[in-house]
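What follows is a single structure, written as structure tokens, with notes after it.
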Amino acid sequence: MSTSQTSATDLRRALLDADPRLSRFNPLPRILAHDDFQTGTHGWTELIGNFDGNGNLRTVDDHMRDFRPPQLSSCTFFDTGTHGALSGTYALKLATRPIAGHTAVGIRRLTMAGKGLVQLETYFTYKSEATLGQDPANNSFGGVEWDGNLHPSEAQFGALTVATDVCGDGGTRYHTVARYRNTTLDNALDRRWVYPAVPEPTPREHVQGKASLAYLADFTAPDPDDWKPFSDPMELCYNEVPTKVNWHYLRWLIDTDARKNVELQINDRVIDMRDVPVPVYEEKYESLETLLNFYFSVRTHSNVRNFLFLDSVLISVDW
Amino acid sequence: MRHTQTAVLERGEDFSSDFATEPYEVAWAGEARFFVQRLEDTAGDVELRTQISPDGITWVDAENTPAVRLDGTMVTWPVREFGGWLRVSGTVSGLARLRIYLVCKG
């Protein structure tokens, strides 16, 4: 790298560091989106399946009709009141219903003006809803006993997912996906990052009679056996009870030129994802050219609401 | 410019007994309004109450918003001084297919 390039890099980093809103991020050269949920939802909206020519929402696939509207949350809890976000009062919250298997999804829809590296960064936290009652049985769940420190709420959180939906080169479509599987479907702590080995089912497959999924089916990859780990167990900072919010840094890098994952950083851990497969749809897709969507989802494995909170999101590219 | 957000709390569910919508956070909003639509000529009798909560877990009827009946194809009502959460609680006899919107402005 030449001296002038080094100086430009240093100057750019110095400018980022001088801005408290950006200095917490490590963006690629061009920032496409900086979503601080103190100022609105910034295009993060509920995902829904496709409907027919009459706007009949009963034609939407059952498993993609109830992903719940994102909320601007003050992170307020029954015991301490308003926790607030990393900066300011508000975070974006995705909340499931209190039904095992229910998923909430927030999506952001862009297109690509080039190909190459794409990076998503966020500060997030994840929580189960607190249980208020008088039943001693609530002191135990999923093998976690309340001992004054550990809390059964942690085992009531299922999984959080960050993913893309990308299409280009004449209709070649694929998803890159990283899921933190906090618990298995039978509520045992798992804490591994996993990826789906198959592409996501699409509405056309349903219309053509190739697939029909139930309301609570896992829309990203319905068969649990199709989820494969790409990390060892990684303990995060749930912080014992369901009402303490500790923000985690996540940085996820993909390559839309190579159609590959690159790496995932969670706080001080960096996972090389270059060998994590990216399933590509066999058929070509129309109406999606240069598609670049991002989504977060949260999925409960218990009959307790699960929440994913995002303080802010930054999407950057090298093109 | 003011912030606004429309949430589709129910998208066309069939209700045949009492229900409550999922908790929705509105602490940022200064005003709100519900719209409840009856879909596809379902004839069930529907009464709706606005409920508020300090924590999203425990609920009480809003003292300044009377219950409303869904007599036609759509009913709407404004909500004020609602605190941090809003939901709709419904009493249904017969079958009603409902779409429920919450529109907030800050």
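The values are calculated or read from the model by the stated rules, or taken from the named source; none is laboratory data. Because the structure is a prediction, the values reported are computed rather than measured. Reconstructed Cβ throughout: ideal geometry from the backbone, glycine too, with neighbour counts over all protein chains shown. Note: areas computed on protein heavy atoms with side chains; ligands, DNA, RNA excluded. Shrake-Rupley method; radii C 1.70, N 1.55, O 1.52, S 1.80 Å.
Strands (runs of 3 or more DSSP E) fully within the range A:196-280 that include at least 1 residues being in contact (Cβ under 8 Å) with a residue 40 or more places away in the chain and of a type in the set (Asp, Glu): A:248-255. Residues in the range A:57-81 that are facing chain B (nearest Cβ under 8 Å), open to solvent by 50 Å² or more (accessible area, probe 1.4 Å) and of a type outside the set (A, V, I, L, M, F, W, C): A:ARG58, A:ARG65.
Number of residues in the range A:73-87 that are touching an Asp or Glu at 6+ places or on another chain (Cβ under 8 Å) and free of Cβ contacts under 8 Å to residues at least 60 places away in the same chain: the value is 2. Sort out which residues of the range B:38-61 are within 11 Å of chain A (Cβ to nearest Cβ) and either in a strand (DSSP E or B) or over 21 Å from B:PHE15 (Cβ atoms) (or both), and write them in order of number. Within the range B:38-61, B:SER53, B:PRO54, B:ASP55, B:GLY56, B:ILE57, B:THR58 qualify. Evaluating A:ASN182 against the criteria (1) under 21 Å from A:PRO98 (Cα atoms); (2) open to solvent by 20 Å² or more (accessible area, probe 1.4 Å) leaves one unmet condition, (2). Under the condition of being within 14 Å of another protein chain (Cβ to nearest Cβ), assigned to a loop (DSSP other than H, G, I, E, B) and without any contact (Cβ under 8 Å) to a residue 40 or more places away in the chain, the residues counted in the range A:11-55 number 6. For the range B:62-106, the set of residues classified as within 14 Å of chain A (Cβ to nearest Cβ), among the basic types (Lys, Arg) and under 21 Å from B:THR4 (Cβ atoms) consists of B:ARG87, B:ARG99, B:LYS105, listed by residue number.
Within the range B:10-37, the set of residues being assigned to a loop (DSSP other than H, G, I, E, B) and more than 9 Å from chain A (Cβ to nearest Cβ) comprises B:SER16, B:SER17, B:ASP18, B:THR21, B:GLY30.
Considering only the range A:306-314, I want to know if a residue exists there that is open to solvent by 30 Å² or more (accessible area, probe 1.4 Å) and either charged (D, E, K, R) or more than 26 Å from A:LEU57 (Cα to Cα) (or both). So far as the range A:306-314 goes, no, none of its residues is open to solvent by 30 Å² or more (accessible area, probe 1.4 Å) and either charged (D, E, K, R) or more than 26 Å from A:LEU57 (Cα to Cα) (or both). Find the residue count for the range A:33-56, including only residues that are open to solvent by 40 Å² or more (accessible area, probe 1.4 Å) and either more than 18 Å from the chain's Cα centre (by Cα) or of a type in the set (Ser, Thr, Tyr) (or both). Residues flagged as open to solvent by 40 Å² or more (accessible area, probe 1.4 Å) and either more than 18 Å from the chain's Cα centre (by Cα) or of a type in the set (Ser, Thr, Tyr) (or both) within the range A:33-56 amount to 9.
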